[in-house]
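Here's the structure, in structure tokens; my notes come after.
The values are calculated or read from the model by the stated rules, or taken from the named source; none is laboratory data. Predicted model only: the values in this text are computed from it and were never measured. Quick reminder, even Gly has a Cβ in these numbers, built from the backbone with ideal geometry, and neighbours come from all protein chains shown.
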Amino acid sequence: MFLRPPPAPTKQTWLWLAPYVAIGIFSLAMLVVTALLQWREQDTALSALEGDMHWAERTIENRLHAHQDFLTTLGREQEFRQLSYEAFQVRASRYVRDNPEIEAIIWVSTSGKVEWVSPNETTATYVGEQLDATRLLALQEALRTLRPLFSENYPNAAHQPANDLILPVQTGSADIGAFIAIQSLEPLLRATLPAAFTTRYSLSVVDAEGREVFSNSSVKPTDRKISGTISLDLPNNRLGLNIVAYRSGGAWLTFVPAGLIIFLTLIATGTLVQLRRHAHHRAATEEQLRAAYAFRHAMSQSLITGLRAIDLKGRITFVNAAFCRMTGFDEGELVGVAPPYPYWPTEEFERLQHNIDQALAGQAPAGGFEMRIMRKSGERFDVRLYFSPLIDSNDQQIGWMASMNDITEPRRARVELERAHERFVTVIDGLDTAVHVADVETGEILFANQAFQTIFGFNSVGQNSALLTAACRPAAETLIVDPAKLGVDDLPCEIFDGELQHTLSGRWYHLHERAIRWTDGRTVRVQIAADITDQKHIDEINLQQQKRLEQTSRLITMGEMASSLAHELNQPLSAIANYCAGCIKRMQAGNYRFEDLLAAMQKASDQAERAGKIIRRMRDMVKKSDPKCLPVSLPELIDETRAFADIQAQRSGTQISVLMPENLPKIVVDRIMIEQVLLNLVKNGIESMADVPFDRRHLSIQARVVDERMLEIAVADQGHGLAEEDVEKIFAPFYTTKQDGMGIGLAICRSIIEFHQGRLWVEAGREGGSIFRFTVPIEEKET
């Protein structure tokens, strides 16, 4: 039942309004006069602020243009390669010292790698550092537009706001890098604006979206009414400088006149308000009660949770709309009903009666009852029912309040989740790879499969991972990242990927470890260890077989050249015999001079040394030794290879030429192995030209530097070349294009080159024939 509102007394309303109107007009007039006086004072201050703002804007922009001009000068000299590192250090250090807002001036490559830094003692950056994504994006934009620009703001090493002034540099039409001035914004304002300016105004730098970058207004209160903004239109980075005047006195002085007027007005109107409020208090209270009841009723009817109230004997006294929707019964069919309720299934009577008896006795569990009830249509569904005492306004219990939630779908999902978990655990336990998950901070093992427990011990869940896996755990210095320093944004990431030997069992494992976010939000380490002991044993056997093949290949090569070497050795041995016989005849005849005998014996000695070199080279080629990669002179290595190859080349009428640039760097290789590769390729090239005319039998050996790490060697012949299908198979073991070939030479050559981290491939020559190319590492230069 709603109360009818009282009629509005028109005459009394006007009597109440008259004093309010009079007081309001007087107060408004006084406030207007006060506001006019304060506005005039503020207008004067704003005029002074505007002039200071224009001066500050010109001063800051001139200083920034000066920095840009200095970088332009450096860039112009760098463009023509006229700027040395020492000159850069001297000039840049002096400029940084004269401009405190410049933290450092650096020279970066087009990829964002820092190559020069001035001054050397700066903490802003270091040589070899890679620009982060924000700064690298600005660098790429500058190189694309070929215009100086500023990067977005970022915190420097001192956690102060800073940005980069980037000047791209080109040589011809190629980008070679950029000069970057790292400038801190706060020192820029201190160095640009005098102390008299900063003592009068609060300064704050804001970005293009109006967010404050930093401010110096934390010392004195500021007057926001006397303020302005300077827009610094920097290329690619719009900054603004908010200038706010400091107050000459406390903020409260501005509001004293208005406060007094308002205070007196409130005192005058307060009495009138209290008189009228008393008259309307009772009506307002009744209206609040009606509104509160309507609100609570609407709230209970709007809930998706079913609500049911019963008295102390179990009789239903209230049900909400959600409860009726769940059961399918109307409110009139439920209110006043005692157990058994109409929504109880027949097969569940006994259990449901036990639950209601337990609830009426005050023994309902805190987690509620999980039960099965039925709708009016007979459909069964699962619910959870929570009980709480129903207390009246006198703190007396008058019954029990129950909330009911339909858990049919959550229960089905939970069952499916349990089954999925069971399937997952079954699959993981079926693996022969050890898998476990451990907390990064505590080291507690959260999950471990059967293979892990077989290796490291059963009942491992809950134990410390570091202690349990100490026998097969990577050292901290070998980790890619420190797991303890990982944040949420860094996940997932790889921690370790390599091979380790179990110190107790001696078995080898391939360990792969990643950091991920666990189901409860914490960071964990997932470690997968695969037993590779048998594979390593197979690899060792294959390596031994490979070494035997290489040794066999060298022996085969030497065997094929044995007749040529015998012919080559016959020449110095015959010369030695002739020189010795001539000396003996002259000495027997007594017709000799000492100088003639000395010259003949010297020639015999030279021929003996020549024969010794041939034998030593052959011995080095065939002897078995472990690979030793040392710096080797490529010209010397090619000369030694030609000493073998020239014998076969002379017999076949093949001309061998060597084309190499001067001052080639040394290569880091095993001399004998690379000599074997060269000899094999040269020998194959000579044999491929057996059917071509003599004037075309020409083989060339060329070398060039590919990059700062690798050198390329090419062996080109003028033979019959290779068919397209042979190019794909030529390096396969036991595949040959020769009638009497074994097919292991080129396969061994590729293995040797890959052992040196190089690459071996074949190309068709422009004028016929084939070009075999391979790369080997260059000796690193000391810096």
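Restrict the check to the range 530-539 and report whether at least one residue is of a type in the set (Lys, Arg), under 30 Å from ARG473 (Cα atoms), assigned to a helix (DSSP H, G or I) and modelled with pLDDT under 80. Looking for residues that are of a type in the set (Lys, Arg), under 30 Å from ARG473 (Cα atoms), assigned to a helix (DSSP H, G or I) and modelled with pLDDT under 80, one finds at least one in the range 530-539, hence yes. Being more than 30 Å from PRO345 (Cα to Cα) and of a type in the set (Lys, Arg) holds for only one residue in ARG315, ARG325, ARG308, ARG276, and it is ARG276.
Restricting SER751, SER700 to residues that are more than 36 Å from the chain's Cα centre (by Cα), small (Gly, Ala, Ser), in the same structural domain as THR654 (by TED's automatic domain parsing) and modelled with pLDDT of 80 or more narrows the list to SER700.
Let's see how each residue does on (1) without any contact (Cβ under 8 Å) to a residue 40 or more places away in the chain; (2) buried (at least 18 other Cβ atoms within 10 Å of the Cβ); (3) in the same structural domain as HIS421 (by TED's automatic domain parsing):
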position	(1), (2), (3)
THR469	no, yes, yes
ALA476	yes, no, yes
TYR509	no, yes, yes
ILE538	yes, no, no
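Do we have PRO661 as surrounded by fewer than 21 Cβ atoms within 10 Å (Cβ to Cβ), in a loop (DSSP other than H, G, I, E, B) and either at pLDDT 90 or above or in contact with a Lys or Arg (Cβ under 9 Å, 6 or more places away or on another chain) (or both) here? The answer is yes for PRO661. Selection within the range 673-684: residues that are among the β-branched types (Val, Ile, Thr) and under 13 Å from ILE748 (Cα atoms). The member of this set that is farthest from the chain's Cα centre (by Cα) is VAL677. Just so you know, in the range 141-184 the residues that are of a type in the set (D, E, K, R) and modelled with pLDDT of 85 or more include one that is surrounded by the fewest Cβ atoms within 10 Å (Cβ to Cβ), and it is ARG144. For the range 424-436, the condition of being closer than 28 Å to LYS485 by Cβ and either assigned to a helix (DSSP H, G or I) or hydrophobic (A, V, I, L, M, F, W, C) (or both) holds for at least one residue.
Residue-level check: of (1) of a type in the set (Gly, Ala, Ser); (2) over 30 Å from PHE387 (Cβ atoms); (3) surrounded by 15 or more Cβ atoms within 10 Å (Cβ to Cβ), ALA279 misses just (3). Part of a loop (DSSP other than H, G, I, E, B) and either touching a Leu at 6+ places or on another chain (Cβ under 7 Å) or at pLDDT below 80 (or both) - does that describe any residue in the range 540-547? Within the range 540-547, not a single residue is part of a loop (DSSP other than H, G, I, E, B) and either touching a Leu at 6+ places or on another chain (Cβ under 7 Å) or at pLDDT below 80 (or both). The number of residues in the range 19-72 being of a type in the set (Asp, Glu) and in contact with a Gly (Cβ under 7 Å, 6 or more places away or on another chain) comes to 1. Looking only at the range 359-386, residues that are part of a loop (DSSP other than H, G, I, E, B), surrounded by 12 or more Cβ atoms within 10 Å (Cβ to Cβ) and under 51 Å from the mean Cα position of the chain (by Cα) come to 2 in all.
I need the full set of residues from the range 340-358 which are surrounded by 17 or more Cβ atoms within 10 Å (Cβ to Cβ) and either assigned to a loop (DSSP other than H, G, I, E, B) or not assigned by TED's automatic domain parsing to the domain that holds ARG384 (or both), in order please.
The answer is TYR341, TYR343, TRP344.
Entry remark, the range 338-390: residues being farther than 23 Å from GLU409 by Cα and among the aliphatic types (A, V, I, L, M) number 7 in total.
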